[in-house]
Amino acid sequence: MALLQIAEPGQFAAPHQHKLAAGIDLGTTNSLVASVLSGMAVTLPDAAGRHLLPSVVRYAAEGVVVGDEAKLAAVEDPLNTVQSVKRLMGRGLADLKTLGSTLPYDIAYREVGEGREPGAVSLDGSGAVPRIRTRSGEVTPVEVSAEILKTLARRAEQSLGGELTGVVITVPAYFDDAQRQATKDAARLAGLNVFRLLNEPTAAAVAYGLDQRAEGVHAVYDLGGGTFDISILRLHRGVFEVMSTGGDSALGGDDFDRALAQWIMAQAGLGEDLDPVMQLRLTRLATGIKEQLSSVESAEIHLELPNGGRWQGSIDRETFNGLIDPLIAKTLAACRRALRDAGVTAEEIEDVVMVGGSTRVPRVRERVKELFRAEPRVDVDPDRVVAIGAAIQADVLAGNKPDEEMLLLDVISLSLGMETMGGLVERIVPRNTTIPVARAQEFTTFKDGQTALALHVVQGERDLVSDCRSLARFELRGIPPMVAGAARIRVTFEVDADGLLNVTALEETSGVKAGVVVKPSYGLSDSEVERMLRDSIAHAEDDMAARRLREEQVEAERVTEALRAALAQDGDQLLDAGERAGIEQALKHLVETAASQNHLSIKRAREALEKVCEPYVERRMNTSVRQAMAGHKLDEFES
Ligand code: ADP
Ligand code: MG
């Protein structure tokens with residue numbers, strides 16, 4: 001049967017081949033889901049046509065409610081309504097002390113118990129996990145986020161008409177390991193397959209197609225509800241490198257609302273001591289007025305007063321600008337700092353991408369334009385741009401664009417390292433390093449006259465080679481014979497834009513070289529990556545003990561080796577029979593102890609040997625000084 005080609009390869013994907021994938025912007029204030037439909041990335045609305053899902057989860061008597069309905073209930077049921085949970089993701093007790101006062105809900109602290117519960121691991125070792133007390137019991141930030149993710153995934157599956165094969169979830173560029181891990185845990189709890197976490201600014205840049213350009217430095221200005229983030233990105237060979245990030249985790253549109261609410265209070269002659277319901281009503285009113293002022297020059301204000309009366313007034317954009325100028329100035333200061341940290345000037349920035357609902361405020365756009373002396377990019381809806389970029393990336397990762405070269409690996413997921421003596425791992429490129437990256441480290445030989453070095457490249461977070469994944473082995477041969485520790489072997493790890501790892505070893509005094517190319521991510525699923533990370537957390541203590549033991553064993557071996565070489569060289573001349581026997585005995589004891597599992601006894605045996613050897617070492621030093629001085633007159637050395 002002949003096949004009839006009905007479309008150019010890559011131009012057309014039959015429906016059954018098209019894998020359903022989505023991008024999710026899991027925001028502090030609002031979250032969104034987007035997907036690529038007929039080649040276009042679009043955000044997906046709910047049944048009522050709303051695209052933005054307020055990131056609010058209410059544990060109501062009748063069950064969990066997410067989004068607008070939950071947000072409305074925040075006034076009447078604040079303790080069971082969780083907002084801004086993103087601020088708690090991956091955070092431990094210590095962090096919460098600084099955040100705690102601003103959180104309206106009840107937090108319980110508890111030590112990490114046996115077994116692992118979602119979100120119950122604090123990587124900083126502080127041991128305490130925040131749990132929010134609700135009428136449905138205590139919930140962790142990971143569980144709350146999972147509810148938001150579930151709601152969005154359900155929405156996507158309904159509008160796409162099938163199950164999602166995977167999602168890309170965005171996180172702030174500054175999110176650390178614990179925060180990223182917590183986000184992944186939330187996705188897993190929501191039953192989602194995470195193709196990748198993507199940095200929010202990178203997603204915005206992808207939505208603008210900046211990754212299709214050759215090279216360039218871009219700024220992403222993200223002013224949301226309660227946070228401000230500025231990121232300076234450098235596009236290099238198709239990969240975004242985060243050059244610097246900055247911002248303010250307590251500055252956003254909510255502050256505009258507060259400034260406007262205070263102005264209204266002053267105008268309406270209201271005192272500071274409003275009850276919480278009135279306070280909230282006023283804030284909601286201010287939010288509405290603020291949003292109107294983004295498209296009209298002035299707005300009417302109608303306020304119901306606590307005494308049942310009404311107040312009526314109006315505000316024009318000029319007055320509003322005066323209220324928010326000090327807040328905008330703070331964001332600009334953070335931009336200047338980020339530019340400085342990245343080592344670039346405002347003029348070197350090619351595109352300034354605007355992200356976040358608050359960048360709809362015309363004054364914000366004006367001031368940003370002044371700083372960068374360029375028109376900021378606003379053509380993709382700033383509320384949706386992150387979700388859209390994530391959807392484009394998810395589509396590629398689902399395999400829907402076979403000819404697409406773009407593989408946007410912006411960070412490496414597991415550390416890369418080398419095996420060193422004793423089966424220990426020396427980490428060279430730590431996980432989450434942005435790629436492409438090149439890192440070098442120097443090693444040396446262990447034995448006198450050693451002419452070859454076996455190199456073993458491993459991947460993982462554990463301290464022992466046996467617990468990591470072996471990636472490649474190769475040998476560096478032809479090292480000129482030298483005493484132990486004299487050779488200088490520079491090992492360079494280079495991860496290119498495609499995630500390919502290139503390891504080279506160079507002996508610097510002789511110039512001999514060897515190398516190998518490996519693909520570190522190959523064959524490793526996300527769940528394996530997760531398991532390896534989890535293991536490294538669970539085994540941190542074992543690893544430390546094992547590392548200490550191996551280090552002592554290596555040290556014992558090194559001392560043994562060096563002593564044997566010395567004894568062979570001049571033991572007969574410098575030691576009498578008694579001394580020699582003493583040394584031999586201590587040496588024998590060390591060799592026997594080194595095979596034990598107790599790092600302390602190995603250490604003691606080595607120290608005992610070193611003590612017995614002291615006179616011998618001294619004599620050796622004197623002889624070598626005498627040898628060095630032979631042929632010189634003594635006064636040559638005085639000065
Ligand atoms: P986050 O990234 O923190 O989840 P968003 O990007 O969704 O937040 O931004 C939410 C903020 O954007 C809110 O403070 C909201 O009032 C503000 N916002 C949304 N639309 C407008 C508008 N038209 N004019 C001014 N501010 C707006
Ligand atoms: Mg956002």
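The values are calculated or read from the model by the stated rules, or taken from the named source; none is laboratory data. Model, not experiment: these values are computed from the prediction. All Cβ positions, even for glycine, are placed from backbone atoms using ideal geometry, and neighbour counts span all protein chains on display.
Considering only residues that are modelled with pLDDT of 90 or more and crowded, with 17+ Cβ neighbours inside 10 Å, which ones fall in the range 61-83? Answer for the range 61-83, where residues must be modelled with pLDDT of 90 or more and crowded, with 17+ Cβ neighbours inside 10 Å: VAL64, VAL65, VAL66, GLY67, ALA70, LYS71, ASN80, THR81, VAL82, GLN83.
Listed here are the residues, each with its yes/no results for (1) out of contact with any strand residue (DSSP E or B) (no Cβ under 6 Å at 6 or more places or on another chain); (2) modelled with pLDDT of 85 or more.
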site: MET418; (1), (2): no, yes
site: LEU424; (1), (2): yes, yes
site: THR434; (1), (2): no, no
site: SER466; (1), (2): yes, yes
site: ALA472; (1), (2): no, no
site: ILE479; (1), (2): no, yes
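For the range 187-202, the condition holds for at least one residue, the condition being that it is more than 14 Å from ligand 2 (Cβ to nearest atom) and touching a Pro at 6+ places or on another chain (Cβ under 7 Å).
The residues in the range 487-511 that are hydrophobic (A, V, I, L, M, F, W, C), at pLDDT 85 or above and either not in a strand (DSSP E or B) or not assigned by TED's automatic domain parsing to the domain that holds MET418 (or both) can be counted, and the count is 1. Selection over the range 385-404 of residues that are in a helix (DSSP H, G or I) and more than 25 Å from ARG50 (Cβ to Cβ) gives a count of 2.
Against the condition in the same structural domain as ALA387 (by TED's automatic domain parsing) and within 16 Å of ligand 1 (Cβ to nearest atom), how does GLN179 come out, does it pass? Yes.
Please note which helices (runs of 4 or more DSSP H) are completely contained in the range 525-639 and include at least 2 residues that are outside the structural domain of VAL194 (by TED's automatic domain parsing), modelled with pLDDT of 85 or more and acidic (Asp, Glu).
Values: elements: 526-538, 540-566, 577-594, 599-629.
It comes to 540-566, 577-594, 599-629.
Would you confirm, using the coordinates I've provided, whether ALA329 is among the hydrophobic types (A, V, I, L, M, F, W, C) and either within 16 Å of ligand 2 (Cβ to nearest atom) or within 23 Å of ASP25 (Cβ to Cβ) (or both)? For ALA329, the condition - among the hydrophobic types (A, V, I, L, M, F, W, C) and either within 16 Å of ligand 2 (Cβ to nearest atom) or within 23 Å of ASP25 (Cβ to Cβ) (or both) - is not met.
Filtered by the rule that a residue be surrounded by 24 or more Cβ atoms within 10 Å (Cβ to Cβ) and away from ligand 2 (no atom under 13 Å from the Cβ), the range 352-366 gives a lone residue, VAL364. Checking the range 216-230 against the condition returns no match, with no residue being away from ligand 2 (no atom under 12 Å from the Cβ) and part of a loop (DSSP other than H, G, I, E, B).
For the range 209-229, the set of residues classified as more than 16 Å from ligand 1 (Cβ to nearest atom) and not polar (S, T, N, Q) consists of GLY209, LEU210, ASP211, ARG213, ALA214, GLU215, GLY216, VAL217, HIS218, ALA219, listed by residue number. Note on the range 277-384: enclosed strands (runs of 3 or more DSSP E) holding 1 or more residues that are not assigned by TED's automatic domain parsing to the domain that holds ASP257 are 349-355.
Scan the range 128-164 for residues that are of a type in the set (Ser, Thr, Tyr), touching a helix residue (DSSP H, G or I) at 6+ places or on another chain (Cβ under 9 Å) and in contact (Cβ under 8 Å) with a residue 60 or more places away in the chain and jot them down. Full working, then the answer.
Residues of the range 128-164 of a type in the set (Ser, Thr, Tyr): 134, 136, 140, 145, 151, 159.
This time we only want the ones that are touching a helix residue (DSSP H, G or I) at 6+ places or on another chain (Cβ under 9 Å), so: 134, 136, 140, 145.
Matches in the range 128-164: THR134, SER136, SER145.
Restricting the range 1-44 to residues that are assigned to a loop (DSSP other than H, G, I, E, B) and surrounded by 15 or more Cβ atoms within 10 Å (Cβ to Cβ), the residue that is modelled with the lowest pLDDT is ALA13. Inspect all residues belonging to the range 89-102 and state whether any of them is at pLDDT below 90, under 27 Å from the mean Cα position of the chain (by Cα) and within 16 Å of ligand 2 (Cβ to nearest atom). There is at least one residue in the range 89-102 that is at pLDDT below 90, under 27 Å from the mean Cα position of the chain (by Cα) and within 16 Å of ligand 2 (Cβ to nearest atom). When each of ALA156, ALA204, ALA173 is tested for being modelled with pLDDT of 95 or more, touching a strand residue (DSSP E or B) at 6+ places or on another chain (Cβ under 7 Å) and closer than 30 Å to GLU350 by Cα, the lone residue that passes is ALA204. Looking only at residues in the range 445-473 that are among the charged types (D, E, K, R) and not in a strand (DSSP E or B), the one that is nearest to the chain's Cα centre (by Cα) is GLU461. The listed residues are ASP248, ASP257, and the only one of them that is crowded, with 17+ Cβ neighbours inside 10 Å and within 16 Å of ligand 2 (Cβ to nearest atom) turns out to be ASP248. The set of residues in the range 229-267 that are in contact with a helix residue (DSSP H, G or I) (Cβ under 9 Å, 6 or more places away or on another chain) and small (Gly, Ala, Ser) comprises SER231, GLY238, SER244, GLY246, GLY247, SER249, ALA250, GLY252, GLY253, ALA259, ALA261.
Tallying residues that are within 16 Å of ligand 1 (Cβ to nearest atom), more than 36 Å from the chain's Cα centre (by Cα) and at pLDDT below 95 within the range 263-284 yields 2.
Restricting attention to the range 271-280, and to residues there that are of a type outside the set (Val, Ile, Thr) and touching a residue at least 40 places away in the same chain (Cβ under 8 Å), which single residue is nearest to PRO382 (Cα to Cα)?
LEU280
Being at pLDDT 95 or above, more than 16 Å from ligand 1 (Cβ to nearest atom) and part of a strand (DSSP E or B), is that true of even one residue in the range 241-249? No, the range 241-249 contains no residue that is at pLDDT 95 or above, more than 16 Å from ligand 1 (Cβ to nearest atom) and part of a strand (DSSP E or B).
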